[in-house]
Amino acid sequence: MSIPFNRPTYVGKESGYMQQVLKNNHLSGDGPFTKKSHAVLEEALGVPKVLLTTSCTHALEMSALLLNLKEGDEVIVPAFTFVSTINAFVLRGAKPVFADIRADTLNLDESRLEALITPRTRAIVVVHYAGVGCEMDAIMEIANRHGIPVIEDNAHGLFGKYKGKYLGTFGVMATQSFHETKNFTSGEGGALLINDKKYIEDAEILREKGTNRSRFFRGQVDKYTWVSVGSSYLPSDMLAAFLFAQLEERKKIQSARQRIWETYYKELGAWAEENHVTMPFVPAHCEQSYHMFYLLFPNLESRQAAIAHLKERGIQAVFHYLPLHLSPMGEKYGGKPGDCAVTERISDQLLRLPFYTNMADDEQKEVIAALKEFSVQ
């Protein structure tokens, strides 16, 4: 493809910082650049504790372990999300309870949330789709009233806001992704944001193979040992160095992505209206992260035709999630057609356009021109 769907972000200092890691002779986890990344995220977001992980999936797995989920527990999750969002909890024996999404923001429909809560509900997982905030006031009110912790899957939403407050700072914990398709990347990687301080010490133990190694390095104990269950979720300091270079340039990266998003929105508006294609919706009280630009076509046939039309012109546009409740695993947990009608419809309609930080003006103009040649039949 002459214009790919994604091209990883590179801002310039990554190589120099990775060379510094080699000079430091500390390639393993929790080195100088890991600590710098933790500090910049904690300060920027106002979060009590941030822990880099090897992936957003692993951050989600840590949240499931920290909540001590067990066989038979239920976790409410949107049906329109990536499989990792629920796999992390299913691994602990929990049962997914699939929630439908709103037709406007494509986020979990808060008006249907309370009806899904049972005595076995142990967590509510929300996904800020495309970096546009869920209706967190309503969700947190329901969750708090029932005493259920909220986990934010904020893979799309770093530095996005809901009513002036950063996404990822509402629930007891939140997870971030630094996969190469995200605004900020280390190729693979993630982070666990801990908003409730009672989970911090257990999270450090869990992330360090079940040992109190973090306390040892802070001088709080004279030796470290195995104290709990755990695993190894630490990314190499080499990856943290790559990420830190990008976090330093976060304003530059977000500004570039905002310009690309706004150009799509401005230039495609009239064409979309003429072809009955729906543009992304961002509520006035939300500040999005400019993670992606999507279009909703009238039906599956027109969406697929648009993908083929762009492919013929060397442009890669892609659809997104398939309904989790209709997957083989979803059906195993009782999912059936009609359970999440909005999810089922949106999955057939949604098309994501090429979107990456270093996208050239000429590339974007080519995508826009190609789309304007397409008419929905």
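Details
- Any hit, the stretch 314-327, residues being exposed (fewer than 14 other Cβ atoms within 10 Å of the Cβ) and in a loop (DSSP other than H, G, I, E, B): yes
- Count - residues of the stretch 23-53 that are more than 23 Å from residue 166 (Cα to Cα) and of a type outside the set (Gly, Ala, Ser): 8
- Lone qualifier among 145, 102, 122 - being in contact with a Cys (Cβ under 9 Å, 6 or more places away or on another chain) and basic (Lys, Arg): 102
- Screening the candidates 290, 294, 233 for the property of being within 30 Å of residue 34 (Cα to Cα) and either at pLDDT 95 or above or among the acidic types (Asp, Glu) (or both) yields one hit, 290.
- Flag if residue 224 is touching a Phe, Trp or Tyr at 6+ places or on another chain (Cβ under 8 Å) and either hydroxyl-bearing (Ser, Thr, Tyr) or part of a helix (DSSP H, G or I) (or both): yes
- Criterion applied to 247, 239 was being under 18 Å from the mean Cα position of the chain (by Cα), part of a helix (DSSP H, G or I) and not aromatic (Phe, Trp, Tyr), and the one residue passing it is 247.
- Hey, residue 89 modelled with pLDDT of 95 or more, surrounded by 15 or more Cβ atoms within 10 Å (Cβ to Cβ), hydrophobic (A, V, I, L, M, F, W, C) and farther than 20 Å from residue 185 by Cα or not: yes
- Taking (1) closer than 30 Å to residue 252 by Cα; (2) out of contact with any Leu (no Cβ under 6 Å at 6 or more places or on another chain); (3) crowded, with 16+ Cβ neighbours inside 10 Å in turn, residue 369 satisfies each apart from (3).
- Screening residue 286 on (1) out of contact with any Gly (no Cβ under 6 Å at 6 or more places or on another chain); (2) touching a residue at least 60 places away in the same chain (Cβ under 8 Å) shows it passes everything except condition (1).
- Of the residues making up the stretch 277-312, those that are surrounded by fewer than 17 Cβ atoms within 10 Å (Cβ to Cβ), more than 23 Å from the chain's Cα centre (by Cα) and either in a loop (DSSP other than H, G, I, E, B) or of a type in the set (Asp, Glu) (or both) are 298, 299, 301, 312.
- Residue match in the stretch 34-53 (condition: crowded, with 20+ Cβ neighbours inside 10 Å, of a type in the set (Ser, Thr, Tyr) and under 29 Å from residue 319 (Cβ atoms)): yes
- Only listed residue being modelled with pLDDT of 95 or more and either of a type in the set (D, E, K, R) or over 23 Å from residue 323 (Cβ atoms) (or both), chosen from 72, 46: 46
Conditions tested, residue by residue: (1) among the hydrophobic types (A, V, I, L, M, F, W, C); (2) farther than 27 Å from residue 375 by Cβ.
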residue	(1), (2)
258	no, yes
291	no, yes
324	yes, yes
328	no, yes
346	yes, no
360	yes, no
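- Residue 70 fulfils the conditions (1) without any contact (Cβ under 8 Å) to a residue 24 or more places away in the chain; (2) out of contact with any Pro (no Cβ under 8 Å at 6 or more places or on another chain) except for a single criterion, (1).
- Some residue of the stretch 50-58 being modelled with pLDDT of 95 or more and over 18 Å from the mean Cα position of the chain (by Cα): no
- Close Cβ contacts (under 8 Å, 6 or more residues apart or on different chains) running from residues in the stretch 231-260 that are among the basic types (Lys, Arg) to residues that are assigned to a helix (DSSP H, G or I) and surrounded by fewer than 23 Cβ atoms within 10 Å (Cβ to Cβ) comprise 250/44.
- Residues that are within 30 Å of residue 125 (Cβ to Cβ) and assigned to a loop (DSSP other than H, G, I, E, B), drawn from the stretch 14-57: 29, 30, 46, 47, 48, 54, 55
- Looking only at residues in the stretch 312-329 that are in contact with a Phe, Trp or Tyr (Cβ under 7 Å, 6 or more places away or on another chain) and hydrophobic (A, V, I, L, M, F, W, C), the one that is nearest to residue 99 (Cα to Cα) is 324.
- Of the residues contained in the stretch 92-112, one or more are found to be of a type in the set (S, T, N, Q), surrounded by fewer than 19 Cβ atoms within 10 Å (Cβ to Cβ) and assigned to a helix (DSSP H, G or I).
One line per residue, one yes/no per condition, for (1) out of contact with any strand residue (DSSP E or B) (no Cβ under 9 Å at 6 or more places or on another chain); (2) at pLDDT 95 or above:
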{"residue": "299", "(1), (2)": "yes, yes"}
{"residue": "303", "(1), (2)": "no, yes"}
{"residue": "312", "(1), (2)": "yes, yes"}
{"residue": "316", "(1), (2)": "no, yes"}
{"residue": "321", "(1), (2)": "no, no"}
{"residue": "324", "(1), (2)": "no, yes"}
{"residue": "334", "(1), (2)": "no, no"}
{"residue": "337", "(1), (2)": "yes, yes"}
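The values are calculated or read from the model by the stated rules, or taken from the named source; none is laboratory data. Since this is a predicted model, take the numbers as computed values, not measurements. We place every Cβ from the backbone using ideal geometry, glycine too, and count neighbours over all the protein chains shown.
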